[in-house]
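Q: Below are the structure tokens for one structure; questions will follow.
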2 protein chains.
Amino acid sequence: MVEYIIKTHENFTEKIGELVCMLEHSREVTLHEVSKLEQRELDFLPDDHSNSIGSLLLHMASIEFVHQVISFEKRDLTKDEYVKWGTALEMGDQARKVIRNHPVDYYLDELSKVRESTLTSLKSKNDSWLFEESKWGNGVAYNNYYLWFHVMEDEINHRGQIRTIKRLLRERRGS
Amino acid sequence: MVEYIIKTHENFTEKIGELVCMLEHSREVTLHEVSKLEQRELDFLPDDHSNSIGSLLLHMASIEFVHQVISFEKRDLTKDEYVKWGTALEMGDQARKVIRNHPVDYYLDELSKVRESTLTSLKSKNDSWLFEESKWGNGVAYNNYYLWFHVMEDEINHRGQIRTIKRLLRERRGS
């Protein structure tokens, strides 16, 4: 990032533009953390119960996709969408088995495709949309502003885990 | 949190209130992660180079304090402030040595005192203050909106690391 400025962008209404700026800043820092990693680093599992960096990246894309479906289409995942994203969403044993053997470009491409779709949809919304409320099945209220705040929160949270895994990788290399 | 809603609060101008809502939501999730931890869990070091949960919590408070000084007072830390916060800011060996042997209330109290001061100061600012720009020593521009976005980002990032440490604690207990 050339400058550390949060501000709106002409393609969006004011507050959506500021939120997009935060989402994009968060993503830029994430990409900076991972863009030079090799496949073996993306697949590395520090222990039997941790997630690989690759899984965490695909999880970020899956969380963003789910929040698109909820906020823009007001529905749950279809069966086909669940087949595609379920493993990355839920992580765990299955993710450790199947999310591997990809170069970093695979993950960057998935993140980028989902993000592009997010930005396209957000361009068609206005600030009052951010405050539209719905309820989860358990009766707890949420608004669209929260949903997209949470996409950012989830990514940053997992980026913290990625940093820990990178430190462990460096230590095991003895560098 | 009873509801997952981002909205402003009457004590703040509109956008500052929304940012405060995000900061407070992030904090609530952090507190939920740690508020029942015992001293030995807060002091636990998974390996020689990691930070304890206690250190990460004090680091969050220190980052917030530094951003108060930069954004509200437009200055660097004084020597005395650095003596108090330097170790938590920088982490590493010194933090591993000295930030320990405290119950969780010690950390919660430090977080709470700093947060209270943040909210008091933010109440006296207005939305245009968010967009006031300054430059770092290296010439890179930032605005106050970014600084407080970053306080949130840093906390969420370290919360991800806290979650990893909690998982390791559970596994070593064999539960």
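Q: Can you name the number of the only condition in (1) away from every other protein chain (no Cβ under 12 Å); (2) among the β-branched types (V, I, T); (3) over 22 Å from B:T120 (Cα atoms) that B:V66 fails?
A: (3)
Q: Looking at the structure I just gave you, is B:K15 among the basic types (K, R) and either free of Cβ contacts under 8 Å to residues at least 60 places away in the same chain or not in a helix (DSSP H, G or I) (or both)?
A: On the way: among the basic types (K, R): yes; either free of Cβ contacts under 8 Å to residues at least 60 places away in the same chain or not in a helix (DSSP H, G or I) (or both): no.
In short, no.
Q: Looking at A:N101, A:N138, A:N144, A:N126, which is the one that is at positive phi and either more than 11 Å from every other protein chain (Cβ to nearest Cβ) or of a type outside the set (G, A, S) (or both)?
A: Values: A:N138 fails: at positive phi; A:N144 fails: at positive phi; A:N126 fails: at positive phi.
Matching residue, one of A:N101, A:N138, A:N144, A:N126: A:N101.
Q: Suppose we keep only residues that are β-branched (V, I, T) and surrounded by fewer than 16 Cβ atoms within 10 Å (Cβ to Cβ) within segment B:91-130. Which one would you say is farthest from A:E18 (Cα to Cα)?
A: B:V98
Listed here are the residues, each with its yes/no results for (1) more than 14 Å from every other protein chain (Cβ to nearest Cβ); (2) open to solvent by 10 Å² or more (accessible area, probe 1.4 Å).
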position	(1), (2)
B:Y4	no, yes
B:E10	yes, yes
B:K15	no, yes
B:L23	no, no
B:V29	no, yes
B:S35	yes, yes
B:L45	no, yes
B:H59	no, yes
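Q: Filter segment A:153-175 down to residues that are under 20 Å from A:Q39 (Cβ atoms) and among the aliphatic types (A, V, I, L, M) and give me whichever is nearest to the chain's Cα centre (by Cα).
A: Taking the candidates together, the pick is A:I162.
Q: Tally the residues that are among the small types (G, A, S) and either touching a Lys or Arg at 6+ places or on another chain (Cβ under 9 Å) or under 24 Å from A:V151 (Cβ atoms) (or both), restricting the search to segment B:113-158.
A: Number satisfying all stated conditions: 2.
Q: Only one residue in B:E153, B:E133 is within 9 Å of another protein chain (Cβ to nearest Cβ), without any contact (Cβ under 8 Å) to a residue 40 or more places away in the chain and surrounded by fewer than 19 Cβ atoms within 10 Å (Cβ to Cβ). Which one?
A: Unique residue meeting the criteria: B:E133.
Q: Considering each residue of segment A:64-90, count those that are open to solvent by less than 60 Å² (accessible area, probe 1.4 Å) and of a type outside the set (S, T, N, Q), and give that number.
A: Residues that pass the stated criteria total 13.
The values are calculated or read from the model by the stated rules, or taken from the named source; none is laboratory data. None of these values were measured; they are calculated from a predicted model. Please note: Cβ atoms are built from the backbone with ideal geometry, for glycine as well, and neighbour counts cover all protein chains shown. We work out accessible area using only protein heavy atoms, side chains counted, and drop any ligands, DNA or RNA first. Shrake-Rupley method; radii C 1.70, N 1.55, O 1.52, S 1.80 Å.
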